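Down below is the structure, laid out as structure tokens.
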């Protein structure tokens, strides 16, 4: 998956277009023609399409000199490293999705329900069985007891599509979307599509990777329409507290801002910690919604099923947009997901595996000088990069270090340079047994100990 384009991308293209001369446009047409193997005068059809592109995706410049985004760059680097080193296996510690299949019982429900003729129809905004299962899940796992399954819960075809649709219900030109950085940018990308202005909330390590709302300007606060949060956090692995969520509710009330909490990793907690929902905070349901996905917590990534819960007015507005965007997830998938939600022990077992793997990974990285400690949730480990290799290369950015790990050690990670140079490791590498996990970690140790990192 490539990174969605940022608000800077849209602003840049809008400004470029506004200052273009006729010669500039002709030059773009010639560039297109060259790409197509002909002259501008013989490529009228291509020119017509190019001039039709919307400014939100780049307008006349769409497809020309397109930058290679982070995840595509990583894919290219991995392919090259494997070609150059055919006898060395790539260790992929950058994968952001589970390594395991969905639970067998969940798959069986899908198989059974898919054979029933009554399940072949459109699901629209979801079946009541799934909504009730989601309400029960929120009560039993998170202690959120007052959700009405008919008006305060709606199934979604994965969190990503929900985040992409929600700004259509709220964002007008010049409205502000408050977006943590680093973070998952889909809500910001879609908000920019509707003319919104994206304002970053830097997540600093010294602030426990929580946003500092006091750093926002008065203008940003006045225009803030949506606030996106994600805890446990991707990529940092940081966790929010009940006190923080209470502060968020106060902030939202004070500034009339709608809160969208992406809780994709909320149930993947370790060491007996009780999962925490934003909706458990007093008054949270008055100001926002929370998105839950079965992708990470139930190993159902490709199934594309989750739900939005919370404020009934927000749910109703989202449903109006969704009615015009999709026809609902396949009913057998919803029924299988309802079965999964009734068995939260599936998630607890997965969390135990991730906790064990985090401990192994931290031990290995610490031997190479990284200052790491296991996170309290999720499958991500986020750490600062070294400054250099003793007697060797110096790293100017996290992207440099990540490229180095792939090129020299065939270890894949994900770099983040937005707020300091960090890399994200993931413990979702493929390993069928405990012995396989230890073998993978031993291979990581063997490769890294060939050099000495300086921090």
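What follows is calculated from the coordinates using simple rules that are stated; it is not laboratory data. The shown structure was predicted, so the numbers you read here are calculated from the model rather than taken from an experiment. Cβ atoms come from the backbone with ideal geometry, glycine included; neighbour counts cover every protein chain shown.
With both partners inside the range 118-343, how many of the DSSP beta bridges are antiparallel, as a percent to the nearest 5?
If we restrict to bridges inside the range 118-343, about 35 percent are antiparallel.
Where the eigenvalues come from the Cα gyration tensor of the range 189-275, what are the semi-axes √(5λ) of the equivalent ellipsoid, largest first, in whole Å?
That gives 24, 15, 13 Å for the three semi-axes.
Given C-alpha coordinates of the range 108-195, what is the ratio Rg to Rh with the Kirkwood estimate of Rh? Walk me through the numbers on the way to the answer.
Numbers: Rg = 17.0 Å, Rh = 15.8 Å.
Result for the range 108-195 is an Rg/Rh of 1.08.
Please arrange 292, 343 by how many other C-beta atoms lie within 10 Å of their C-beta, fewest to most.
In order of increasing Cβ crowding within 10 Å: 343, 292.
How large is the helix-only mean residue ellipticity at 222 nm for the chain, computed as the sum of -39500 (n - 2.57) over DSSP H runs with n ≥ 4, divided by its residue count, in deg cm²/dmol to the nearest 500?
-13000 deg cm²/dmol
Taking 0.36 nm per residue of separation and subtracting the Cα-Cα distance, what length does fully extending residue 356 through residue 54 add?
My answer for the length gained is 103.9 nm.
Given the chain, what percent of its DSSP beta bridges are antiparallel, to the nearest 5? Each step should come with its number before you reach the end.
Working: 21 of 41 bridges.
Of all bridge pairs located within the chain, approximately 50 percent are antiparallel.
Can you give me the distance in nm between label points at residue 455 and residue 243, each placed 7 Å from the Cα along the Cα-to-Cβ direction?
The two pseudo-label positions are separated by 2.7 nm.
Contact order normalised by length for the range 157-218, with contacts defined as Cα pairs under 8 Å and 6 or more residues apart; what percent is it?
31
Could you calculate the contour length gain from residue 76 to residue 250, that is, 0.36 nm times the residue separation minus the distance between their Cα atoms, to one decimal place in nm? Can you show the working numbers first?
Working: separation 174, 0.36 × 174 = 62.64 nm, distance 4.50 nm.
Gain on extension, residue 76 to residue 250, equals 58.1 nm.
For the range 213-328, I need the span (max minus min coordinate) of the C-alpha atoms along each principal axis, in Å, sorted largest to smallest.
Rounded to whole Å, the extents work out to 42, 42, 25 Å.
What is the Cα coordinate range of the range 118-343 on the first, second and third principal axes, sorted by size from largest, in whole angstrom?
54, 43, 29
How would 371, 253, 56 line up from fewest to most surrounding beta-carbon atoms within 10 angstrom?
Details: 371 9, 253 12, 56 18.
Ordered by Cβ neighbours within 10 Å, fewest first: 371, 253, 56.
How many angstrom lie between the C-alpha centres of the range 192-208 and the range 396-416?
Between the Cα centres of the range 192-208 and the range 396-416 lies a distance of 25 Å.
Report, as a whole number in µm² per second, the diffusion coefficient that Stokes-Einstein gives for the range 309-374 at 20 °C and 1.002 mPa s using the Kirkwood radius over alpha carbon pairs.
Numbers: Rh = 16.0 Å.
In µm²/s, the coefficient rounds to 134.
Go through 244-251, 203-210 and give me the packing order, highest mean Cβ count within 10 Å leading.
The densest-packed peptide leads the list: 244-251, 203-210.
Over the alpha-carbon set of the range 262-395, divide Rg by the Kirkwood Rh and report the Rg/Rh ratio to two decimals. It would help to have the intermediate numbers written out before the result.
Numbers: Rg = 19.5 Å, Rh = 17.7 Å.
Dividing the radius of gyration by the Kirkwood radius yields 1.10.
For the range 48-138, take N as its residue count and report Rg(C-alpha) divided by 2.2 N^0.38 Å.
1.85
Mean projection of the alpha-carbon convex hull of the range 259-312 over all orientations, in nm²?
Working: hull surface 16.2 nm².
Projected area, direction-averaged: 4.0 nm².
What order do you get for 154, 91 when you list them from fewest to most C-beta neighbours inside 10 Å?
91, 154
Using Cα pairs closer than 8 Å and at least 6 residues apart in sequence, work out the relative contact order for the chain, in percent.
Relative contact order here is 20 percent.
Cα centroid distance between the range 351-380 and the range 111-173, in Å?
Cα centres, the range 351-380 to the range 111-173: 33 Å.
Can you tell me the order of 131-137, 268-274 when each peptide is scored by its average per-residue count of other Cβ atoms within 10 angstrom, highest first?
131-137, 268-274
For the range 298-455, what's the relative contact order in percent, using C-alpha pairs closer than 8 Å and at least 6 residues apart?
Once normalised by length, the contact order is 22 percent.
Computed over the Cα atoms of the chain, what is the convex hull's projected area averaged over all directions, in nm²?
Across all orientations, the chain yields a mean hull projection of 24.9 nm².
Give me the extension gain from residue 205 to residue 222: residue separation times 0.36 nm, minus the current Cα-Cα distance, reported in nm with one decimal.
3.4 nm
Please report the orientation-averaged projected area of the range 321-455, defined via the convex hull of its C-alpha atoms, in nm².
Mean projected area for the range 321-455: 11.5 nm², to one decimal.
Could you sort 398-406, 213-221 so that the peptide with the highest average Cβ count within 10 Å comes first and the rest follow in order?
Numbers: 398-406: 21.8, 213-221: 12.8.
Final packing ranking: 398-406, 213-221.
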